[in-house]
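Enquirer: What follows is a structure written as structure tokens; I'll ask about it next.
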Amino acid sequence: MKAYVFPGQGAQFVGMGRDLFDSSDIAKSYFDKANDILGFSITDVMFGGTAEDLKQTKVTQPAVFLHSVILALTAEGFAPEMVAGHSLGEFSALVAAKALSFEDALKLVSQRATAMQKACELNPSTMAAILGLEDSVVEEACEKIEEVVVAANYNCPGQLVISGSIEGVNKACEALKEAGAKRAMVLPVGGAFHSPLMEPAREELAAAIENTTFSTPICPIYQNVDAKPYTDAEQIKANLISQLTSPVRWTQSVQQMIADGATSFTESGPGKVLQGLVKKIDRSMEVSSI
């Protein structure tokens with residue numbers, strides 16, 4: 001079975017999507033529609049802005065979503081049999097599986113980015129990548145710290161991102177270095193994504209998701225919150241609402257997709273981050289880009 005996967009924030013690069021815009025009238029119409037929906041010219045930032053411009057959450061999230069989705073929707077023979085997206089990428093996966101319309105998903109992504117930005121400003125916070133330890137060791141170290149710090153992204157075996165207050169993350173990094181981590185590196189992000197500190201954003205996004213129409217997808221979507229496949233529209237909605245304050249179980253999602261018959265993974269979006277993670281999860285897997 002052919003699985004398609006969609007990246008999240010961090011995969012962006014200056015000039016992303018320009019080739020699509022120039023080579024396809026259908027792609028151009030999607031980009032033009034996005035400029036109208038967002039109320040600013042995101043194409044100007046994507047094609048000609050600086051890396052700093054592109055790093056703003058309100059720009060980054062819609063930009064990665066647009067690149068990923070337009071790539072999939074304009075690809076010849078695009079027929080997913082299972083899909084998954086990493087964090088923000090879950091919205092791209094839902095459009096690819098026809099559970100959400102392009103327009104509705106872009107509106108939600110824009111609202112998500114704004115809500116997350118506000119939550120970050122409310123609680124100064126951060127994330128850190130922990131390399132070379134078992135998940136359980138990282139989880140136990142986080143539990144022992146009094147400040148807010150949790151396991152946030154299970155990216156692949158030996159690579160787990162933690163998230164929380166600045167003090168909590170710094171204390172966890174120190175403890176994890178002592179526990180033998182190869183690296184415990186604070187990431188240049190604006191806040192504690194996928195942690196309890198995103199609760200204000202979750203509440204704001206929940207209202208928007210509840211008011212959006214979701215359809216039954218054409219194939220199962222493996223969702224971040226528990227790495228299981230879903231086709232029920234109401235359950236997909238509930239999981240999407242939980243996603244902002246829950247960890248991204250990427251390792252478990254890929255493992256479950258393989259157990260359910262995935263024979264290849266195709267990444268749709270900027271960069272090749274997810275292909276690398278899939279290979280670290282299962283070396284025998286065939287990976288590619290659209």
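The values are calculated or read from the model by the stated rules, or taken from the named source; none is laboratory data. These numbers were taken from a predicted model, which means no experiment stands behind them. In this analysis, Cβ positions are derived from the backbone assuming ideal geometry, glycine residues included, and neighbour counts consider all displayed protein chains.
Results for (1) assigned by TED's automatic domain parsing to the domain that holds Asn155; (2) surrounded by fewer than 16 Cβ atoms within 10 Å (Cβ to Cβ); (3) assigned to a loop (DSSP other than H, G, I, E, B), shown as yes or no for each residue.
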| site | (1), (2), (3) |
| --- | --- |
| Ala11 | no, no, yes |
| Ala27 | no, no, no |
| Ala34 | no, no, no |
| Asp53 | no, yes, no |
| Thr60 | no, no, no |
| Val69 | no, no, no |
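Enquirer: Is it the case that Ala75 is assigned to a loop (DSSP other than H, G, I, E, B) and touching a residue at least 12 places away in the same chain (Cβ under 8 Å)?
Expert: Against the criterion (assigned to a loop (DSSP other than H, G, I, E, B) and touching a residue at least 12 places away in the same chain (Cβ under 8 Å)), Ala75 qualifies.
Enquirer: Now, a different point. Scan the helices (runs of 4 or more DSSP H) fully inside the stretch 78-164 and keep the ones with 3 or more residues being closer than 30 Å to Pro217 by Cα.
Expert: Filter on the stretch 78-164 gives 89-96, 102-122.
Enquirer: Looking at the stretch 197-212, which of the residues that are without any contact (Cβ under 8 Å) to a residue 12 or more places away in the chain and more than 22 Å from Val149 (Cα to Cα) is nearest to the chain's Cα centre (by Cα)? Reasoning before the result, please.
Expert: Quick first cut of the stretch 197-212, residues without any contact (Cβ under 8 Å) to a residue 12 or more places away in the chain only: 203, 207, 211.
So of that shortlist, the ones also more than 22 Å from Val149 (Cα to Cα) come out as 207, 211.
Values: Ala207: 20, Asn211: 22 Å.
Per the stated criteria, the residue is Ala207.
Enquirer: Could you please let me know if Asn170 is on the phi < 0 side of the Ramachandran plot, within 15 Å of the chain's Cα centre (by Cα), not aliphatic (A, V, I, L, M) and not assigned by TED's automatic domain parsing to the domain that holds Val248?
Expert: no
Yes/no per residue for (1) over 17 Å from Tyr222 (Cα atoms); (2) touching a strand residue (DSSP E or B) at 6+ places or on another chain (Cβ under 7 Å):
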site: Ser253; (1), (2): no, yes
site: Ala259; (1), (2): no, no
site: Leu277; (1), (2): no, yes
site: Ile281; (1), (2): no, yes
site: Ile290; (1), (2): yes, yes
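Enquirer: Please go through (1) in contact with a Phe, Trp or Tyr (Cβ under 9 Å, 6 or more places away or on another chain); (2) of a type in the set (A, V, I, L, M, F, W, C); (3) not in a helix (DSSP H, G or I) for Ala262 and return the number of the only condition it doesn't satisfy.
Expert: With (1) in contact with a Phe, Trp or Tyr (Cβ under 9 Å, 6 or more places away or on another chain); (2) of a type in the set (A, V, I, L, M, F, W, C); (3) not in a helix (DSSP H, G or I) applied to Ala262, the lone miss is (1).
Enquirer: So for the stretch 271-280 (the condition being in contact with a helix residue (DSSP H, G or I) (Cβ under 9 Å, 6 or more places away or on another chain) and polar (S, T, N, Q)), does at least one residue qualify?
Expert: The answer is no; no qualifying residue exists.
Enquirer: Of the residues that sit in the stretch 192-219 and are of a type in the set (Gly, Ala, Ser) and in a helix (DSSP H, G or I), which one is surrounded by the fewest Cβ atoms within 10 Å (Cβ to Cβ)? Don't jump to the end; show me each part of the working.
Expert: First pass over the stretch 192-219, keeping only residues of a type in the set (Gly, Ala, Ser): 192, 195, 201, 206-208, 215.
Within this subset, residues satisfying the condition of being in a helix (DSSP H, G or I) are 201, 206-208.
Working: Ala201: 24, Ala206: 17, Ala207: 12, Ala208: 16.
Looking at residues that are of a type in the set (Gly, Ala, Ser) and in a helix (DSSP H, G or I), I get Ala207.
Enquirer: Got at least one residue in the stretch 175-191 being in the same structural domain as Thr114 (by TED's automatic domain parsing), part of a helix (DSSP H, G or I), among the small types (Gly, Ala, Ser) and surrounded by 16 or more Cβ atoms within 10 Å (Cβ to Cβ)?
Expert: no
Enquirer: Any residue in the stretch 128-155 that is surrounded by fewer than 16 Cβ atoms within 10 Å (Cβ to Cβ) sitting within a Cβ distance under 7 Å of a residue that is of a type outside the set (Val, Ile, Thr) and in a helix (DSSP H, G or I)? List the pairs, counting only those 6 or more apart or interchain.
Expert: Glu147/Glu167; Glu147/Gly168; Glu147/Lys171
Enquirer: Answer yes or no as to whether Ser253 is closer than 17 Å to Lys2 by Cα and within 15 Å of the chain's Cα centre (by Cα).
Expert: yes
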